[in-house]
1. Highest first, please rank the peptides 201-213, 176-188 by the mean number of other Cβ atoms sitting within 10 Å of their residues.
2. Can you compute the label reach from residue 78? Point 7 Å from Cα along the Cβ direction, backbone N cut-off under 14 Å, restricted to region 141-165.
3. At residue 158 and residue 129, where each label point lies 7 Å from the Cα along Cα→Cβ, what is the point-to-point distance in nanometres?
4. Which net charge results when you count Lys and Arg as +1 and Asp and Glu as -1 among the other residues whose beta-carbon is under 11 Å from that of residue 73?
Amino acid sequence: MSVIYALWLRELRRYVRSRSQVIASLGQPLLYLLGLGYGMGPVFAKAGQGNYRQFVAPGIISMTILFASIFSGAGLIFDRQFGFLKETLVAPVPRVYIMLGRTLGAATVSVLQGLLVSIVCVACGFRPVDYTQIPLALVYMALIASLFSALGTAIGSTLQNIQGFQMIMSFLVMPIFFLSGALYPLNNLPVALNAIVSVNPLAYGVDGLRTLLVGVSHFGLLMDAAVLVGVGIAAVLFGSRVFSKIQV
């Protein structure tokens, strides 16, 4: 357990010390929030859907957590290239402990970035409909972060160089984001698109946050929680299996 704590603390310290990472984590969310929030707001209102900034803010928070979690795998590649991972793997502990420590650390960092973006959303006019639901919203943020941090660890365990993340961004991360309902309502989608969204775990994370913060639900909180927990456990098991076979 001390190994899990040490790796969790290392990830947290690395994030706190990296001011550039903190600042960079706000760039893309601000672009979406300001560009789409104000640009698409009048169109969204004319369609009778209300305030678009209110609607899109939970999606932007989820996007931040998704990107931060997946890119934790890049840190694993850097650790492999610079030798830190080899030093960690020779420790007389099961590799699953190392994987869990890294995953929990990456998930914590992702939630912190999500909280920073939440503050930016509030500064731009977003207001939760029920402040008593914020603690439960934090739980959903942690579920999203844990799921995709485990996936990021699995991806990082299979890639040999950082260039491979360009392919991951193009063929995995961006489709997961754009097909999650983060930027648009899930009602009245075409059948094919609705089927794809229904198997996207991020869609349930976005829906859970949107339900708690805005009061707009599509799948229902119980379904959201069940999918996030189930897929999260599967991702941790898969990530542990892949990480246990990593070669340095």
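Derivation of every value follows stated rules applied to the coordinates shown; laboratory data play no part. Here the structure is a predicted model, which means the values were calculated and not measured. All Cβ positions, even for glycine, are placed from backbone atoms using ideal geometry, and neighbour counts span all protein chains on display.
1. Working: 201-213: 26.7, 176-188: 17.0.
Packing order, densest peptide first, comes out as 201-213, 176-188.
2. 162-163
3. So the two model labels end up 3.9 nm from each other.
4. Numbers: positive: 80, 102; negative: 79.
Its environment carries a net charge of +1.
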